[in-house]
Amino acid sequence: MVGHDWGGFTTWGAAALAPERWSKVVVADVPPVRFYERRAAVPEQIHKNSHFYFFQMGVADQLVPVNDFGYLDWLWNHWSGDIAGYDPAEDIRAGKEALRDPANLRMGLGLYRQNFPADAFGTEKWEMGRLLAGLPTQPTLYLHGSEDPVVDEEILADIVAALPEGSDGVLLQGVGHFPMVEAPEEVNRRILDFLGK
């Protein structure tokens, strides 16, 4: 099973809850939930994940669309920066177009509000936290772009150390939060190599 971002959360949870269904797991750019919780009190980490908190606020519905969804431009730059050989303009334009309908924007923000509810996020009442508390028992490959600020070498080493035997992790150099479009050949090669072992 392979997942990225929201699909990565799904992959962590599904692999831990039903390990018999998948022989190997690959997740990109969303570390296991326990690594968010462990560093939640570090101010730099709070800033790196500020969108989790901002999207909880009702005012996000009004602020995100301002200046032609300028927040999305900032967020994309925050997650990926300027990636050599990749022009994000078309992907950013498509994302903005998808969110222009207020109902779509509400649904997008609703993902954060439902899964990271302000009154429960990080507490014992946080249902998703309980669901995602486990780690896969099968070999897992964790990929993360070096320009995506959420994970660095130290956090990557901690993630790999927590995963079962046969697992690996790679900090993809010069790659941001969207490795499948920013470095598709390298990502595909690494996934196929891992699955072929």
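Summary of values
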{"read-out": "Gly58 closer than 23 Å to Gly174 by Cβ and more than 13 Å from the chain's Cα centre (by Cα)", "value": "no"}
{"read-out": "Hits in region 96-112 (condition: in a helix (DSSP H, G or I) and either touching a strand residue (DSSP E or B) at 6+ places or on another chain (Cβ under 9 Å) or open to solvent by 30 Å² or more (accessible area, probe 1.4 Å) (or both))", "value": "Glu97, Ala98, Leu99, Pro102, Ala103, Asn104, Arg106, Met107, Leu111"}
{"read-out": "Contacts under 9 angstrom Cβ, first residue in region 66-78 being free of Cβ contacts under 8 Å to residues at least 60 places away in the same chain, partner of a type in the set (Lys, Arg) and part of a helix (DSSP H, G or I), 6 or more apart", "value": "Asp68/Lys96; Phe69/Lys96; Leu72/Lys96; Asp73/Lys96"}
{"read-out": "Region 115-144, residues that are over 18 Å from Leu156 (Cβ atoms), of a type in the set (A, V, I, L, M, F, W, C), buried (at least 19 other Cβ atoms within 10 Å of the Cβ) and within 18 Å of the chain's Cα centre (by Cα)", "value": "Phe116, Phe121, Leu132"}
{"read-out": "Count of region 146-185 residues which are open to solvent by less than 50 Å² (accessible area, probe 1.4 Å), more than 21 Å from His47 (Cα to Cα) and charged (D, E, K, R)", "value": "1"}
{"read-out": "Whichever residue in region 71-94 is in a helix (DSSP H, G or I) and of a type in the set (Phe, Trp, Tyr) and, among such residues, is surrounded by the most Cβ atoms within 10 Å (Cβ to Cβ)", "value": "Trp79"}
{"read-out": "Per-region count, region 160-176, residues under 9 Å from Tyr142 (Cα atoms) and of a type outside the set (Asp, Glu)", "value": "5"}
{"read-out": "Helices (runs of 4 or more DSSP H) contained entirely in region 127-185, each with at least 2 residues that are at pLDDT below 95 and of a type in the set (Asp, Glu)", "value": "153-162"}
{"read-out": "Count of region 171-186 residues which are touching a residue at least 40 places away in the same chain (Cβ under 8 Å) and in contact with an Asp or Glu (Cβ under 8 Å, 6 or more places away or on another chain)", "value": "7"}
{"read-out": "Test result for Asp73, at pLDDT below 95 and over 30 Å from Trp22 (Cβ atoms)", "value": "no"}
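Here's the yes/no breakdown for (1) closer than 20 Å to Gly166 by Cβ; (2) modelled with pLDDT of 95 or more; (3) part of a helix (DSSP H, G or I); (4) open to solvent by 50 Å² or more (accessible area, probe 1.4 Å):
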position	(1), (2), (3), (4)
Phe9	no, no, yes, no
Glu20	yes, yes, yes, yes
Ser23	yes, yes, no, yes
Val27	yes, yes, no, no
Pro31	yes, no, no, no
Glu37	no, no, yes, yes
Ala41	no, no, no, yes
His47	no, no, yes, yes
His51	no, no, yes, no
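The values are calculated or read from the model by the stated rules, or taken from the named source; none is laboratory data. Since this is a predicted model, take the numbers as computed values, not measurements. All Cβ positions, even for glycine, are placed from backbone atoms using ideal geometry, and neighbour counts span all protein chains on display. Surface areas here come from the heavy atoms of the whole protein model, side chains and all, with no ligands, DNA or RNA. Shrake-Rupley method; radii C 1.70, N 1.55, O 1.52, S 1.80 Å.
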